[in-house]
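The next block holds one structure in the form of structure tokens; read it before the comments.
The values are calculated or read from the model by the stated rules, or taken from the named source; none is laboratory data. In this text, all values refer to a predicted model and were calculated from it rather than measured experimentally. Cβ atoms come from the backbone with ideal geometry, glycine included; neighbour counts cover every protein chain shown. Accessible surface is based on the protein model in full, side chains and every heavy atom, while ligands, DNA and RNA are left aside. Shrake-Rupley method; radii C 1.70, N 1.55, O 1.52, S 1.80 Å.
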Amino acid sequence: MGSLWRLRFVCPSVWMSVHTSGCPLFQTTLPNDTCPAYPDIHPVVNIGEDPINWTKSGTTFSFQRCIDDWKMFRRSNPEVTVCMQVYGIKSGVNQTEATLFCEEKGYKVTGVATVEESRWLKKRFLEIYPNADNYQAIWIDGIRNCTRESNPKCNIFEWFDEYTVGVEALTPENAALSFYKGSTPENCLAVISNSGTSISLNDIPCGRGSGLELDTLKMLKIFGKVTNTDLGDTVDPDCVQTCFEASDCILAYFDTSGRCQFFNFNETEALEVVETNKEDGFLVAFKTTLPNDTCPAYESILPVVNIGEDPVSWKRSGKTFSFKKCRNDWKIFNRTGLTVCMQVFLLGKGISRLEAIQYCESINTTLTGVATIEEAQWLKGGVNWGKDRFKKLYPGAPEWAGVWIDGIRNCTGFKAANCRNFDWSDGYTEGQDALISTSNAALSYVTNDRKRFENCLEIIIINAVQTINDVNCDQAGSLNLGAACGYRLV
């Protein structure tokens, strides 16, 4: 199957062709109350991040897009369409590892042809690593070549992805090119976090660790044992290395005879490690990230697990290290004085508030309240569609579809009956920060027919920035789809 116009993709594409000898139906957008004449039919798909036009040739309509949530860029010189995505691999990934990672998936490390492309990559990088430090980076294609230039500090780069040309993205406003780090030439390119400025590109030494390049994944070994755990009889003489190479392993526990036990991120919610003496013969190795070429003094050891969506720090008290996280892939939110775990569950159409409460209780949680706009945005999926929940679970959700959250309006003591004050019953939510702003909470107080009060809350999907809507507490219509459950991590 060939493409109908010149396309060259970084990644596999999704392709469809329709011949008008059948009876196809296109879902598209048109001006109100209009239907074009057949020669003027040009359907447009407006479901994803970018509108995609069907292409018409005679009696054939063709449609092509990037896979999954990859970003599509249409270049004009030369005319080519490119798909891009950012991957977090590990701390300290070097240029060769980044290249092999892409090639093993059938892709290439991409170059950038425009400022727009580089800034989207930076935006996506910061969605994946919102706490990235300035100058932490991800590799892109490009090697400086000043062979024909009189100035060795030129900004001429060669691209090897076979579809990028030009240096339009390397303007001073978009690219911080320093040419040297000390005496080391910086002849390769990276997209940098540098969230405080508009700069999205930086030149760096070729081959060095990039992609969160300030830290390196390491195994930190001490004499100690995991409490309430029997090592059993499994023997692995390479216990530490096996854990290091296993993507989900966070801790290796072993003894001098070679008995070994692993603790994996997705299977572990709590761990406690107690320091022992060398004579006891027990050791533990924490998988953590550390600055390159460093090993902290024992007193400074504070391991951090960077496997899941959120970094989780071990807590230390004297000779005891403790680790706690949310179950499975639940989202952790650190509130003042407490930690809360949340997740969205789609349960079907016509879910009542009572059914949502009962479902959360059936999995030993509660219908959760929201204390901040950040929490509400995550539940909706307005920050990062690839990770945040409602939109990820139901990317084609109709307007005003919602999942129940905790909260009942209480206007006692307020002059107006349509106040923005809600009582929380989940046992851990306080305050109205997520509800005060009209830019986050679309509160209408009564139903459209003005016959019923809307005194309960849902996380909603609408084509706007708002994340919360007030709804009638007794409704259970086709747009009531599930529950946002939560619990306090203790």
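Taking the Cα atoms of the range 215-324, the ratio Rg/Rh between the radius of gyration and the Kirkwood radius comes to 0.93. Projected onto its three principal axes, the C-alpha set of the range 84-204 covers 40, 34, 29 Å, listed from the longest axis down. When Tyr38, Tyr394, Tyr253 are compared by accessible area at a 1.4 angstrom probe, the order from most to least is Tyr38, Tyr394, Tyr253.
I'd like to check one number: the per residue accessible area of the range 84-204, probe 1.4 Å, reported in Å² as a whole number. Please report the intermediate quantities before stating the final value.
Numbers: 5890 Å² over 121 residues.
I get 49 Å² per residue for this part.
Would you mind estimating how fast the range 278-331 diffuses translationally, via Stokes-Einstein at 37 °C and 0.692 mPa s with the Kirkwood radius over Cα pairs, in µm²/s?
Values: Rh = 13.1 Å.
In µm²/s, the coefficient rounds to 250.
The label-point distance for Tyr38 and Tyr87, in a model that sets each label 7 Å from Cα toward Cβ, rounds to 4.7 nm. Against the compact-protein benchmark of 2.2 N^0.38 Å, the Cα-based radius of gyration of the range 46-110 scales to 1.46.
Would you kindly state how much longer the chain becomes between Ile436 and Glu103 on full extension, computed as 0.36 nm times their sequence separation minus their alpha carbon distance, in nm to one decimal?
Working: separation 333, 0.36 × 333 = 119.88 nm, distance 4.84 nm.
Here the answer is 115.0 nm.
A straight Cα-to-Cα reach below 12 Å connects Lys225 with the aspartates and glutamates Asp255, Glu272, Glu275, Asp280, residues fewer than 8 places away in its own chain not being considered. Centre-to-centre separation between the Cα atoms of the range 34-87 and those of the range 259-332: 47 Å.
Gain on full extension, evaluated as 0.36 nm per residue between Val274 and Phe179 minus their Cα-Cα distance, stands at 29.4 nm. Spacing of the modelled spin labels on Asn463 and Asp233, each 7 Å from Cα toward Cβ, amounts to 6.5 nm. All C-alpha pair distances within the range 262-382, sorted into 5 Å bins from zero, spread as 2, 8, 15, 17, 17, 13, 9, 7, 5, 4, 2, 1, 0 percent across the bins. Pair-distance distribution P(r) for the range 333-489, from all Cα-Cα distances in 10 Å bins starting at 0: 12, 44, 37, 7, 0 percent.
Under 5 Å between amide hydrogens, built in the peptide plane, is the criterion, and for Gly224 it picks out Thr276, Phe282, Leu283, Val284 among residues at least 5 positions away or on other chains.
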